[in-house]
Every structure is written in C-alpha cells, then in structure tokens.
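Each remark here refers to the structure printed beneath this line.
The values are calculated or read from the model by the stated rules, or taken from the named source; none is laboratory data. Since we're looking at a predicted model, the values are computed, not measured. Counting neighbours? That spans all protein chains shown, and the Cβs are built from the backbone with ideal geometry, glycine included.
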Amino acid sequence: MNILVTGGAGFIGSHIVEAYLELGHRVIILDNLSSGKKENIPSEATLYEMDILDPGVDKIIVDEEIEVINHHAAQISVTHSVENPMEDANTNILGSIKLLEAAKSCGVKQFIFASTGGAIYGLQDNFPADENHVCRPESPYAISKYSVENYLNYYSKTYGLKTTILRYSNVYGPRQDPHGEAGVVAIFCQKLLKKSQAMIFGNGEQTRDFVSVLDVAQANVLALTNSLLGIYNISTGKETSVNQLFHHIAQMAGNNVTPQHAPARKGELERSAIDPGKFQKSTGWKPGMPIQEGLGKTYEFFSRQK
C-alpha cells in the first residue's frame, strides 16, 4: 500500500513510518522539517521537503498513487497557538482542509488524523474520559484540532472518505523534542543527564496520561489494517503525576538533584486521563509499555545522544 505520512520526520510520525515500512508498505513523507529531522527518516522512505500548504502536494498524491494519508504534520504548541492563533489555524485547519480536498479529488481511500485527547476534553467530569465525554477545547490549538475532526466527519458523510481520528494522550519516548512545552519527559531526561536543576510548575501533583510512542505507532498500524472509522482515544487510562515522573527518571539517572518549583501555569489542568477502551475492543490493542520501562527506553535514547 502507498501511504503518505505528513510530519513523518517528526517525533511521532517517524515511529509510524518505521512501523508501516516493517509491514512492507511503501511510505512517502511530507515534512517541511521545521521541527522534524532528516536523521529520523529511514532510508526506505521517500521524503518530500514541503509544507502541507504548498501547491505541489496534490501532484505528489497523484504521482505517488497515494492510497492512505496519515496526517501528523501540525503546529503543536499550545502557547504558540495562544500567541498567534491565525498561524495555528492556517497550519492546523487550512492545511488539513487542503489535504482533505486532495484526498477527495485524488481517490485516497483512508485518512488517519492525529488529534488530541486532554486538550479537547479540557476540564474533565470523570476519569478516565471516554470518547462520549463533552469536548471543552480552551486553546486555539485544541479548537483547531476539534475543528478538523468536524471537517473529517463532513468529508466522511458527504464524500464517503474513510476517516479515522486518533485522540492521543501525552505521548513520550525516543526522539521527543526536549525544547517543546509538550516534552516534559524529554526535558527531565536532558536536565538530569546534565546534572542540572529541572523546573516543575506548580506543586507537581498534576497528573497526565503518559503513553509510549511505540504503543502509539502500533495503534496507527491497527487503525490502518482494520480500516477503522470514527474517533478513538489512544492512551493508557492511567494517571501519573509530574512528581512521580521526575522521581522515576531521577532514579534511572542516579541523580539526587531536587527539582525547582515555579508558579503553576495559568489554565493548566490538574488532572487528565482518557479511556482507550473503545480502541481496545475494536482492535485488541493494549498499551503494552509500562511507564517505567518506557521511561527507561527514553532515558537510554537521550543518554546515547549525549
């Protein structure tokens, strides 16, 4: 099968590319390398260094006879979306619509979209939240992801395009960007490797649902092979506090550095966890990477990088 992975040189996308290649699929990557890295790209994949808004994207889809689009290219910073909502909407909403139009006109069979779990559900009524939980997007980033989900529903109903929406919880693992706001695991790993002081905002008791990028890649394989339709949470359903996270990584590093605490960030959620039960029942998938094992693999990766 010919698969186009947008953002395929990035943290999550590159792991999905590898998983598809292992199954024998032909993988085409579309990435402007604004955050993705060429060293993440397997030699068997074909890279087009191009933005999703570039006019040449349609030609690539036709020339490469693309059957499936896996859309991971995005503006992923919540802070940046608040500071520049127009740029966020331009990339995340208009870029996605452009790909959907191309998919419609070029005969693409399936469109897999990387969405967000915690950011879309917002302040949760129950834990973990399933796909029927009310959506309360509170940032331009979350609003843009939710908007694209609605466009996907439209293209599915109107044009018969098979659309699969994967709402990720907090993804971590090798190749994560330690300079982004979403990469707390990578940030802690680098700080502890350098034996420098890490920063925790608030009291550190805020929780997140951390899922390994390797489990996420496998979920994308199953979304492809099962031709799933609709919305699915990809997560563990378990909460881990930021303090627990730091403690696990500090133990691996053999580091007794005490983290520095800063005032809590305005609007930050105290708790977040989403329920992967629907995807598990549909595919048999389970998040098989325990948090300590996953953190160990991540720490080992950054240790090699150092």
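Just a few scattered comments:
Here's the yes/no breakdown for (1) modelled with pLDDT under 95; (2) within 26 Å of residue 216 (Cα to Cα); (3) polar (S, T, N, Q); (4) outside the structural domain of residue 130 (by TED's automatic domain parsing):
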{"position": "244", "(1), (2), (3), (4)": "no, yes, yes, yes"}
{"position": "249", "(1), (2), (3), (4)": "no, yes, no, yes"}
{"position": "253", "(1), (2), (3), (4)": "yes, yes, no, yes"}
{"position": "257", "(1), (2), (3), (4)": "yes, no, no, yes"}
{"position": "266", "(1), (2), (3), (4)": "yes, no, no, yes"}
{"position": "295", "(1), (2), (3), (4)": "no, yes, no, yes"}
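- Among the residues of the stretch 117-142, those identified as out of contact with any strand residue (DSSP E or B) (no Cβ under 6 Å at 6 or more places or on another chain), buried (at least 20 other Cβ atoms within 10 Å of the Cβ) and not small (Gly, Ala, Ser) are 120, 140, 141.
- For the stretch 150-169, residues that are surrounded by fewer than 22 Cβ atoms within 10 Å (Cβ to Cβ), in contact (Cβ under 8 Å) with a residue 12 or more places away in the chain and not in a strand (DSSP E or B) total 5.
- Neighbours by Cβ (under 6 Å, 6+ apart or cross-chain): first from the stretch 74-87, on the phi < 0 side of the Ramachandran plot; second in a helix (DSSP H, G or I) and charged (D, E, K, R): 75/88; 81/88
- The strands (runs of 3 or more DSSP E) found wholly in the stretch 12-77 and carrying at least 3 residues that are touching a strand residue (DSSP E or B) at 6+ places or on another chain (Cβ under 9 Å) and buried (at least 22 other Cβ atoms within 10 Å of the Cβ) occupy 26-30, 68-71.
- Criterion: in contact with a Lys or Arg (Cβ under 7 Å, 6 or more places away or on another chain) and surrounded by 17 or more Cβ atoms within 10 Å (Cβ to Cβ) - qualifying residue of 249, 234: 234
- Matching option when the condition is of a type in the set (Val, Ile, Thr) and either under 30 Å from residue 26 (Cα atoms) or in a strand (DSSP E or B) (or both), among 257, 216: 216
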